[in-house]
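Asker: Let me begin by handing over the structure; questions about it come next.
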Amino acid sequence: MAIDLADVAGTGVVRCAPKILQGGAKDLARSTTYALAVLERRETGISAGINAAPDGRDTAVAAFVAEVAGWDVDYRLVAAKG
């Protein structure tokens with residue numbers, strides 16, 4: 001998961017694909033931060049990637065959800081295309 005700014009609320013996307021590059025996730029988080037700033041929202045951009053082959057997708061998504069469900073942060077994530 002790429003988080004552009006620490007210690008603030010955040011908005012972003014979660015993508016699931018066989019290969020999601022870390023650099024692309026960081027760039028997407030940064031561009032989301034800029035978009036939020038234009039809207040005068042003091043939030044960080046977030047981009048999460050779940051690397052999973054189609055046959056392992058359900059298990060990988062369940063593991064991701066279990067991991068982030070226990071986090072004590074104010075992040076809002078939506079699904080995006082891989």
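The values are calculated or read from the model by the stated rules, or taken from the named source; none is laboratory data. Computed from a predicted model, the values in this text were never measured in an experiment. No Cβ is skipped: glycine too gets one built from the backbone with ideal geometry, and neighbour counts run over all protein chains shown.
Asker: Give the number of residues within region 48-61 that are buried (at least 21 other Cβ atoms within 10 Å of the Cβ) and either out of contact with any strand residue (DSSP E or B) (no Cβ under 7 Å at 6 or more places or on another chain) or modelled with pLDDT of 95 or more (or both).
Answerer: 0
Asker: Test each condition in (1) at pLDDT 95 or above; (2) over 17 Å from Asp7 (Cα atoms); (3) not small (Gly, Ala, Ser) for Tyr34 and report the one that comes out false.
Answerer: Evaluating Tyr34 over (1) at pLDDT 95 or above; (2) over 17 Å from Asp7 (Cα atoms); (3) not small (Gly, Ala, Ser) leaves (2) as the failure.
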